[in-house]
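Beneath this line is the structure, given in structure tokens, with notes to follow.
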């Protein structure tokens, strides 16, 4: 199964905006796939403002969060694999959701798209499910 994390991130993000609050995310920035302004990280983590006024071209994808932003006036493209988002919450009152460690998702391609193939165990399961076996014949009949 796919991770619930990207779906929850999108839902909490929408909920925060619907309540006229400012969404922030906490990111584990110690991984080489995370592209953020390193000068702002502290203790291997960074908090990023995700409000529409702070970001441009924001994409909350299944495998990564991407956006353009300015840090001290310098433009930067940010790339955060969703597996490294530790929390999403409001700046104003801290309400939101923290995430626990989970199995790492397959890494997306550098362009932010989904991987070409699912993990090997999932590919094997999908292949088995798509090929009907002789003992798996349907039991429904067409009635005219």
- Calculate the spin-label point distance for residue 38 paired with residue 1, positioning each point 7 Å from the Cα along the beta-carbon direction, and give it in nanometres. 3.8 nm
- Taking 0.36 nm per residue of separation between residue 31 and residue 17 and subtracting their Cα-Cα distance, the length gained on full extension comes to 2.2 nm
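Values quoted throughout were computed directly from the atomic coordinates according to the rules given, and no laboratory measurement underlies them. Since this is a predicted model, take the numbers as computed values, not measurements. Glycine gets a Cβ as well: all are built from the backbone with ideal geometry, and neighbour counts include every protein chain shown.
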